[in-house]
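Heads up, the thing below is written out as C-alpha cells.
Just so it is clear, none of the values below were taken in a lab; they were calculated from the coordinates. Fair warning: this is a prediction, and the values are worked out from it, not measured in the lab. For neighbour counting, all protein chains shown are included, and Cβ atoms are generated from backbone atoms with ideal geometry for every residue, glycine included.
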Amino acid sequence: MVRPYPPGARLLARPEVVRACASCGDPLGRGYPGCTTCADTVDAYWRADWDALRGDDDERELAAAVLAEVAGVYPWTCTDWALRLVPCPACRVELATGDAGCLTCSRADQARWAWDHGGMPKAMTANEHALRMAVAILRASTRRRSTVVSFWRLVLPFLLVGDTFTTAQARRIKTLLLAGRYDELAEARGYAEMTALPDLPWRG
C-alpha cells in the first residue's frame, strides 16, 4: 500500500446518481459533516483507505507516523484521516480545523496540500482534488468565508458521484452566492442548472 504518490478514495465505488439523504433530506453529502448519514457516506472513502493501510497497527501511532512522512508517501485520504486523529497541541481541536488564528492548524492544513504540488505525479484526478477540498473546508468551516463554505456544501453531492465543475461554473456559482441566492442554487440538480439561473433585475 505504501508507495510514492499513491491515489486515494478509489477502493469503494461512487454512487451513480445524487440521491436524497435519508436523514436530513438534502442531496446526500450536503449535510456534511453535521448530518451523520452524509458524514458516514462521504467519510467511507477515507476510512476504506485508512483501514487498508492500518491493518493491526495502533491507530494513533500510525497517525503520527503518517503525519511525520513527506507528503505523497501515503494516500492523501490517509493523510487527511491522520489529521483527524491527532488533536492540535495548541487549540486542542482536530488538527487543521482550528480557527484562523491557530498557527499550528494553519501549518498542518498547508502541509497536506503539498501532496499534489511541487511537480509530483498527477495521481489525483480533478474530481478527487475537489472532493478533498470540499471535505477539508467543511470540516474547518470557521477558517473560511461563508460564501466559500456554502459553495463547497452545494457542490459536494455532485462531486461525490464523480462530476467535476469547470472554472467558469465555479465563478458563476460563487457570484450567485454573493447575491444571496443559496436557496435557489440548492434546488438545482447539477452545476449546469446552477449556472443557468437568470440574473435578477436591478432593484431601486
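Most fluctuating residue of 31, 55, 180 in a GNM of the chain with Cα springs under 10 Å: which is it?
Of the options given, 55 has the highest mean-square fluctuation.
Gap in Å between the Cα centre of the range 144-188 and the Cα centre of the range 50-81?
Using only Cα atoms to place each centre, the spacing works out to 31 Å.
Return, for the Cα atoms of the chain, the radius of gyration and Dmax in Å, separated by a comma.
17.7, 66
Could you please tell me the mean projected area of the C-alpha convex hull for the range 7-120, averaged over all directions and given in square nanometres to one decimal?
Answer in nm², one decimal: 8.4.
Using the 10 angstrom Cβ neighbour count as an exposure proxy, how do 77, 104, 166, 195 rank, fewest first?
Least to most surrounded, the residues fall as 166, 104, 195, 77.
In 10 Å bins starting at zero, report the fraction of Cα pairs in the range 165-204 per bin as a rounded %.
For the range 165-204, the pair-distance distribution reads 30, 58, 11, 1.
Mind putting a number on the dipole of the range 55-204 about its Cα centre? Charges go on the C-beta only, +1 for Lys and Arg and -1 for Asp and Glu, and I need it in Debye to the nearest 20.
Numbers: 18 positive and 18 negative charges, 159 e Å.
That gives the range 55-204 a dipole magnitude of about 760 debye.
Could you give the spread of the C-alpha atoms of the range 1-69 along their three principal axes, from largest to smallest, in whole angstroms?
Ordered largest first, the range 1-69 gives principal extents of 39, 23, 19 Å.
Quick check for you: which residues of the range 41-70 have the amide N under 11 Å from the point 7 Å beyond the Cα of residue 92 toward its beta carbon?
Inside the label zone: nothing.
In nm, what is the difference between 0.36 nm times the number of residues separating residue 196 and residue 24 and their Cα-Cα distance?
59.3 nm
How much length would be gained if the chain were fully extended between residue 187 and residue 16, taking 0.36 nm per residue of separation minus their Cα-Cα distance, in nm to one decimal?
59.6 nm
So which residue, out of 58, 163, 99, gets the largest mean-square fluctuation from a GNM of the chain using Cα contacts under 10 Å as springs?
Judging by the Gaussian network model, the answer is 58.
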